[in-house]
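Scroll down for the structure; my scribbles are underneath it.
Bear in mind that the values in this text are calculations on the coordinates, not laboratory data. If you're wondering where the values come from, they're calculated on a predicted model, not measured in any experiment. Heads up, the Cβs are rebuilt from the backbone with ideal geometry, glycines too, and the neighbour counts pull from every protein chain shown.
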Amino acid sequence: MKRLVKLTINGEPRELHVEPHRSLLDALRVEAALTGTKKGCDVGDCGACTVVVDGRPVNACLVLAVEAEAAEVQTIEGLQPGPDHVHPLQEQFMQCGAAQCGFCTPGVLMMAKALLDENPNPTEAEIRFALAGNICRCTGYTKIVEAVQRCARQEVAA
């Protein structure tokens, strides 16, 4: 029997009808038709499904959709401030070549955003620690860390 879950996704009030066992990841991808959040391992190990719930990064595969009742959820689709503008993190990822295949990129970007929201001037060690739960098989992380560092320097200077 489906349950009604009322939440805000990317600033928009939404109502999703979900099975009680449905993960937030699957509800976002299927019921909300937001497929930017990727389904990787589905057990919380890879970080591909990272979204921000009430200001905190979470693995959406480990959260039941019903647990997100009344929550504010931000997905990769909500990161871009407008159709003609990208988020500073997205810009730095492009400038640094921090994305290769792109599968992990939405989760990495959401984790990096949560880090910079909490700590606008992180050290390299803090960036690496924050991103430790996001597995990337292509980049080797150096360019990802560089992109986050460059974004942090821009926001501190602004």
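Data overview
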{"quantity": "The chain: calculated mean residue ellipticity at 222 nm from DSSP helix runs of at least 4, using -39500 (n - 2.57)", "calculated": "-9000 deg cm²/dmol"}
{"quantity": "Relative contact order of the range 53-120, defined on C-alpha pairs under 8 angstrom at six or more residues apart (%)", "calculated": "36 percent"}
{"quantity": "Dipole magnitude (debye, nearest 20) for the chain, charges at Cβ of Lys, Arg, Asp, Glu", "calculated": "340 debye"}
{"quantity": "All-pairs Cα distance distribution in the range 88-157, expressed in whole percent, bin size 10 Å", "calculated": "23, 62, 14, 0"}
{"quantity": "Shape category assigned to the range 56-105 from the gyration tensor of Cα positions, a/c cut at 1.5", "calculated": "oblate"}
{"quantity": "Computed over the range 3-78: relative contact order in percent, which uses C-alpha pairs under 8 Å that are six or more apart", "calculated": "40 percent"}
{"quantity": "Residue exposure sequence - D26, D84, D42, D117 - by fewest surrounding Cβ within 10 Å", "calculated": "D84, D117, D42, D26"}
{"quantity": "Mean Cα-pair separation over length for the chain, i.e. relative contact order, pairs under 8 Å, 6 or more apart, %", "calculated": "23 percent"}
